């Protein structure tokens, strides 16, 4: 039996919102939390390996409910895309995984692109990375957000993986079959685009895509195998179709209205805002690394996006932390905390969105994002009090310690 | 400008076998600017100093035959069937790291690793050696790289950026070679005989006897590339040599005529003596199908005799291991096998440095002359007195690639 004792100054429990100070210990046995609290109350066994985190405040490892590990996050340069072989797309995940973990994100949901080989490789220790729930492939209708066909006639997907099923599907019966194929390919989540998006060449974010019947069919098929559906949903009608069809999470949610918010509250749905994503589209555009059509769409949505999320926060819709990282660079995920806070989410709620709520949302409730006995021994350590200063988490360099399953993966 | 100065006890020049005492190697912007005894060399101010006291420095080693995409832990077909293509690509991550940490700073991948692996290493996404790639190993239907099994399943790893392995006929071969070159190949790999790890063939049978070899060599040459031949059967070796290949891989049943052809055309033998040993070791661990084990057993003694014949005839022998059959990082064992069969230590070392560099055609590796890549390793003692120092990865205490320390004791 291997026991790790992490010794730190303070411990923030997102569940209670309480911070224990003056010396704390978290014991991790065989990768799982076994005990934690004030140092005098927690006795470490003699053979425990001590992780010295003196001076740091510990909290559960962070969780991002919307990343794309297969995209490097350095902007979209179509010339570069055309010159990138499939194998390099796959190997891009190596660097993304490392940076994600080093920023304190010990679990993620990949919203499409990363194949199951990436999860297998991390589990086998080929390279360090977070725990992951995978959507495998993004589904959209012909001409929708996941259709990579350009007017020249070439299809240039954002990630090109041999074992991922195709992204374009039309019709109820083909949808059922495609969902079955995705689950066969290792999907934990089904990702549908119920509206257009920003980075795709042929669609508009304010148009709904997929019929309600197609969405319902996907939700049903997912449910029969214990999976849920996440919806890239920006247009108001697309959000409502998704909610009516039974999806669990609304991604982006650029044009929510009162009706949509009410539907979310009634049905215990989750909103994954990804506020930082359009910011990165604009930043990349300023550096000349974004096609004009995407930059234009990014600029057009950003103000409405903020307003929409502000309303949802006010109405107390459950906000699960998600960033669409892969649009922005891996490791920069936590900037989203600052944006959520600016729109009215209290610091403790911001932290909960990236721990408790995120875990519960993606299917890791009680196992990640908390300090419960038996939960994964995933911790981060920061130098100050994150409730006083969200920058402690928001900047990757401020995250001094990252522990995953009791193993130190980053130490200052 | 970034500069690194590595201070070692001694510097061994594999070209001559000479050793300079109290040595320093200065690397500027990735390339050697000076190497030799310290008193004759001015180290630039501001150079990062690497302390390799107690170590003998020598150029980074080169393996002319590896498969970075294969794990090297034996062949378990159940496991294979459960492995998605992306995992095959990601298996190159630990393979490349272990290769580098064993002191091999350059390799020729003999098939399987796609061009993205080279790009990922060049871009710093993962540590690894300099790579020269064959991308796809080509064979005929039913040949060494046809992964069609009797049940009807084809279990070949399908990657979008790796062309198909099976090709029949002269014109299709020309087209396929063009496709492989388009996919980023530096070498063309042909299987001119059957092999051990393939289900449908015999290593004693010659393949591609219909003019495909010559066509492939012509097409490769038209774009400045050479051809390496997986060639075990005597006829397969001869056909390959007559057809114009540059290197014979494995060469299990060489005869005197083969040796003569090799000497005439200045071809190199890449023996991979350690590969059949690993097949047998994996078999003992229950991780090798019976048909492969039987084929390896039937070849291993002849393989050694063939190597000795080539050595005595003065054939150029370039270091290569087929690692990916055996585990990555274990390549140095080949030095011991070559030595046991009569190769002297300096020639052993040359086979993995100067000779290997010339064989694979990679400029600036295998020596530490000014302008060469700053790739070097450090071992505790004189490897010419004790080949174990480069035969075991743990004995390689320091690895520097392009002036950057990638492993330090």
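The values are calculated or read from the model by the stated rules, or taken from the named source; none is laboratory data. Just so it is clear, the model here is predicted, and its values are computed rather than measured. Here Cβ is always computed from backbone atoms with ideal geometry, including for glycine, and neighbour counts include all displayed protein chains.
One table, with the values for the structure above:
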item	result
Tally, over segment A:180-198, of residues that are more than 14 Å from chain B (Cβ to nearest Cβ) and buried (at least 23 other Cβ atoms within 10 Å of the Cβ)	10
Extreme residue, surrounded by the most Cβ atoms within 10 Å (Cβ to Cβ), among residues of segment B:108-120 that are under 17 Å from the mean Cα position of the chain (by Cα) and either assigned to a helix (DSSP H, G or I) or in contact (Cβ under 8 Å) with a residue 60 or more places away in the chain (or both)	B:114
Residue match in segment B:313-327 (condition: part of a helix (DSSP H, G or I) and modelled with pLDDT of 95 or more)	yes
Odd one out for residue A:56, checked against (1) within 14 Å of chain B (Cβ to nearest Cβ); (2) surrounded by 24 or more Cβ atoms within 10 Å (Cβ to Cβ)	(1)
Residue ID - farthest from the other protein chains (Cβ to nearest Cβ), chosen from residues in segment B:166-198 that are at pLDDT below 95 and touching a helix residue (DSSP H, G or I) at 6+ places or on another chain (Cβ under 6 Å)	B:196
Positions within segment A:146-167 being surrounded by 15 or more Cβ atoms within 10 Å (Cβ to Cβ) and farther than 21 Å from residue A:90 by Cβ, in sequence order	A:147, A:149
Helices (runs of 4 or more DSSP H) contained in segment A:332-412 and holding at least 1 residues touching a helix residue (DSSP H, G or I) at 6+ places or on another chain (Cβ under 7 Å)	A:335-342, A:347-353, A:391-394
Residue B:103 being at the interface with another protein chain (Cβ under 10 Å from one of its Cβ atoms) and over 14 Å from residue B:324 (Cβ atoms)	no
Of the criteria (1) touching a residue at least 40 places away in the same chain (Cβ under 8 Å); (2) on the phi < 0 side of the Ramachandran plot; (3) more than 14 Å from every other protein chain (Cβ to nearest Cβ), which one residue A:134 fails	(3)
Conditions (1) under 26 Å from residue B:179 (Cα atoms); (2) within 14 Å of chain A (Cβ to nearest Cβ): number failed by residue B:110	(2)
Whichever residue in segment B:131-165 is in contact (Cβ under 8 Å) with a residue 60 or more places away in the chain and within 14 Å of chain A (Cβ to nearest Cβ) and, among such residues, is surrounded by the most Cβ atoms within 10 Å (Cβ to Cβ)	B:159
Residue A:22 being in contact (Cβ under 8 Å) with a residue 12 or more places away in the chain, not assigned by TED's automatic domain parsing to the domain that holds residue A:113 and not in a strand (DSSP E or B)	yes
Residues (in contact with a strand residue (DSSP E or B) (Cβ under 7 Å, 6 or more places away or on another chain) and over 27 Å from residue B:303 (Cα atoms)) located in segment B:178-236	B:180, B:184, B:185, B:186, B:220, B:225
